[in-house]
Amino acid sequence: MTAYNEEKVVGSVIDSLLNRGYKSIVVVDDGSTDGTYDIVKKYPVFLLRHIVNRGKGASLQTGTEFILKKGFPVIVHFDADGQHNPDDIEKLVEPIFAENFDVTLGSRFLGSVKNLPVSRKIVLKMGIFFSNLLYGVKLTDVHNGLRAFKAKVFEKICFTEDRFAYASELLEKIVKFGFRYKEVPVNITYSEYSIKKGQKNINAINIFFKMIKRRFFA
Amino acid sequence: MLKYQIFFGIVVVLMIIRHSALLKKGNLKLRRYIVFLIFWFALLLAIIFPEETNKIARFFNITRGADFFIYISIMVIFYILFKLFERMEKIERDITKIVREIALMNNDEDKDK
């Protein structure tokens, strides 16, 4: 879990995970300037801190390197802003153990999504269209932060995109290395808070150019 | 000599002096200094002998020497921009590496306590 200035919700998100019995929770505080670090510190979780903000991709890579050192077999990405449902974790992890998938990607459009603004929906759908076109896949959701992996996947995949473009990089590398992946329906609930905190629609342009650059010029 | 020639001529000479001072202080690499020097001297010649630039321009089928210099300037500016972006991205990547290393190291230290 990565957190940047999430003092309002991070505690309740960790609580919801602990209440479901998840003990190995890794939180990367991405240079928060509010009380996020102090709040997370009180919980029985692994806490890593970026001294300055480096972005979601960079934070996930830091967390991943820590997890690989620890030797956990499976990694689940979970947002700290409260829009993910902890009940979905089991649904994501199950195909990894039962069906030997390497990666499971949460799809809000296969599952349910509440309070999704129209503008965000348009941007997401465009992102899905271009990603499918560029990477030759048929996904229903591409920038959903809820996903699970066999940890060994990250022996090959390393995030070099520090910011939100990491999600496209991830997809590109899943395809490139031929990992077995599956989409799993998940439930996302947007709140006024998570919309405000999440990535801006305008950032999609930046991500689009990075996708083009990575696909054709990298 | 026209007013603009005097003004731009002084600016170019000042820039050459400034770059020379930077080189002397060790804040500018010799290779980069030579590139700057060639650029400033070319500009100085173009300012003193503007008619001569027309000849060069016509060689490239451009009517006026001033237009030729504008095209060249735009190309140079874009090249510099590209190099700056490239360098900035590298610095960003390096900062991330350092921040990550500190985060992982601090966690190890916390564990040792």
For Cα pairs less than 8 Å apart in space and 6+ apart in sequence, what is the mean separation divided by the residue count of region B:1-48, i.e. the relative contact order in percent?
50
From the Cα gyration tensor of region A:134-176, with a ≥ b ≥ c the square roots of its eigenvalues, which class applies: rounded if a/c is under 1.5, or else prolate if a/b is larger than b/c, or else oblate?
rounded
What residue among A:D162, A:D141, A:D34 shows peak mean-square fluctuation when chain A is described by a Gaussian network model with Cα springs under 10 Å?
A:D34
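Which entries of B:K55/B:K83; A:K150/A:K182; A:K56/A:K196 show an alpha-carbon separation above 19 angstrom in the structure shown?
Where the Cα-Cα span goes over 19 Å, the pairs concerned are B:K55/B:K83.
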Once the Cβ-Cβ distance between B:I102 and A:S119 is put in as r, and R0 is 45 Å, what FRET efficiency do you end up with, to the nearest 0.05?
0.75
Chain A - percent relative contact order, Cα under 8 Å, separation 6 or more
24
Does region B:1-94 come out rounded, prolate or oblate, given a ≥ b ≥ c as the square roots of the eigenvalues of its C-alpha gyration tensor, rounded meaning a/c under 1.5 and, failing that, prolate meaning a/b above b/c?
oblate
Classify chain A as rounded, prolate or oblate from the Cα gyration tensor: take a ≥ b ≥ c as the square roots of its eigenvalues, call it rounded if a/c is under 1.5, otherwise prolate when a/b beats b/c and oblate if not.
rounded
Thinking of region B:67-113 as a set of Cα atoms, what percent of all their pairs are more than 14 Å apart?
68
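Expressed as a fraction of 2.2 N^0.38 Å, the rule-of-thumb size for a compact globular protein of N residues, what is the C-alpha radius of gyration of region B:1-48?
Details: Rg = 11.7 Å, N = 48, 2.2 N^0.38 = 9.6 Å.
With N residues counted in region B:1-48, Rg over 2.2 N^0.38 Å equals 1.22.
All of the numbers you see were taken from the coordinates with simple rules; none came from a lab. Please read these numbers as outputs of a predicted model, since none were measured by experiment. Don't worry about glycine lacking a Cβ; one is built from the backbone with ideal geometry, like all the others, and counts go over all protein chains shown.
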